[in-house]
1. For segment B:103-114, name all the residues that are within 14 Å of chain A (Cβ to nearest Cβ), in contact with a Pro (Cβ under 6 Å, 6 or more places away or on another chain) and within 25 Å of residue B:210 (Cβ to Cβ).
2. So which of B:170, B:187 is in contact (Cβ under 8 Å) with a residue 40 or more places away in the chain and of a type in the set (S, T, N, Q)?
3. For residue B:60, only one of the following conditions fails: (1) out of contact with any strand residue (DSSP E or B) (no Cβ under 7 Å at 6 or more places or on another chain); (2) more than 14 Å from chain A (Cβ to nearest Cβ); (3) without any contact (Cβ under 8 Å) to a residue 60 or more places away in the chain; (4) closer than 25 Å to residue B:138 by Cβ. What is its number?
4. Determine which member of the set B:169, B:122, B:215 is away from chain A (no Cβ under 14 Å), under 16 Å from the mean Cα position of the chain (by Cα) and surrounded by fewer than 22 Cβ atoms within 10 Å (Cβ to Cβ).
5. For a quick check of your reading: which strands (runs of 3 or more DSSP E) sit entirely within chain A and have at least 2 residues that are of a type in the set (Phe, Trp, Tyr) and within 21 Å of residue B:174 (Cα to Cα)?
6. Please go through (1) of a type in the set (Val, Ile, Thr); (2) within 27 Å of residue B:105 (Cβ to Cβ); (3) touching a residue at least 12 places away in the same chain (Cβ under 8 Å) for residue A:51 and return the number of the only condition it doesn't satisfy.
7. Counting just the residues of segment B:197-212 that are among the charged types (D, E, K, R) and exposed (fewer than 12 other Cβ atoms within 10 Å of the Cβ), which one comes out nearest to the chain's Cα centre (by Cα)?
8. For residues that are within 14 Å of chain B (Cβ to nearest Cβ) and under 17 Å from residue A:4 (Cα atoms), tally how many sit in segment A:19-61.
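No value in this document is a laboratory result; all are computed from the given coordinates. For clarity, every value in this text was computed on a predicted model and none was experimentally measured. Heads up, the Cβs are rebuilt from the backbone with ideal geometry, glycines too, and the neighbour counts pull from every protein chain shown.
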Amino acid sequence: MGRVVVEFMPKPEILDPQGQAVLGALPRLGFTGFTSVRQGKRFELEVDGEVTDQVLASAREAATTLLSNPVIEDVVAVVAGEGAR
Amino acid sequence: MRVGVVTFPGSLDDRDAARAVRLAGGEAFALWHADADLHGVDAVVLPGGFSYGDYLRCGAIARFAPVMGPLVDAARGGLPVLGICNGFQLLCEAHLLPGALIRNDHRRFVCRDQPLAIERTDTPWTRGYAPGERIVVPLKNGEGGYVADERTLDELEGEGRVVARYLDDNPNGSYRAIAGVSNAAGNVVGLMPHPEHASEPGFGPDVRSGTDGLDGLRFFTSILDGLVRV
């Protein structure tokens, strides 16, 4: 079984309220020194068999049509994933 | 003169939207997300709610519902479409309107009577308002922050496509306090606040807001007047 990992980040010019909430919580727990947090998303898509170029191409298309909104998010990775689960 | 109101799994305000259409004197026609047919309606309202649980992103899954195929084509062809709240998010996801709606900057759900200025009044949904008119309608959202890149925002402002803007304080961090926008032609309008909840005596914003609580009704009389005229 193969796996494709797709990752997104909010575009730099778009406000990231979730990242800001996390940034606010870090020092309360003693994690000081972090000056910015941006929160992205990771999807793991599984296929029967190998991750071929065709599978990757299909994942790339899915990444920009459904999985992400190109208005607010950048796709930062569409790669054959490691087996970790 | 039939105004279709689409129900998706998780729609919340479809009944109120249909009721507002009837209160305005029109016939509301129930459209179903899984039915790829607009049944000849003269206009469509995409209602508020949490379609598909707002999973992935608000409106992201509903945007691919069967009804959206003919709806997107018809909207590009000039059919009047009003997206309210989740409907606005859906229109942005479907790329019928520019920009996107993200989580409120203060990260809390907001529910209140909201003053707005109606800025674009040559759309089929807003022709009953005076340019710059102040109205008060309910606003209720968790992800109502309107965002777009600077170029898009400048374009919207330059072309007069900002339909409504928040007055007083900005309730959700929307860029340039934008509450609603339209496509270039003006037939497609998206709006975060809820005019359908301000269309029936006694059930709209409190009279202490300085209005009669019916400020939203003209979205629906506007569309009916326009359809009659055509």
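1. Of everything in segment B:103-114, just one residue is within 14 Å of chain A (Cβ to nearest Cβ), in contact with a Pro (Cβ under 6 Å, 6 or more places away or on another chain) and within 25 Å of residue B:210 (Cβ to Cβ), namely B:110.
2. Numbers: B:170 fails: in contact (Cβ under 8 Å) with a residue 40 or more places away in the chain.
Being in contact (Cβ under 8 Å) with a residue 40 or more places away in the chain and of a type in the set (S, T, N, Q) holds for just one of B:170, B:187, which is B:187.
3. Of the numbered conditions (1) out of contact with any strand residue (DSSP E or B) (no Cβ under 7 Å at 6 or more places or on another chain); (2) more than 14 Å from chain A (Cβ to nearest Cβ); (3) without any contact (Cβ under 8 Å) to a residue 60 or more places away in the chain; (4) closer than 25 Å to residue B:138 by Cβ, the odd one out for residue B:60 is (2).
4. B:122
5. In chain A, no matching strands (runs of 3 or more DSSP E) lie anywhere.
6. Unmet condition: (2).
7. B:206
8. Summing the residues that are within 14 Å of chain B (Cβ to nearest Cβ) and under 17 Å from residue A:4 (Cα atoms) in segment A:19-61 gives 6.
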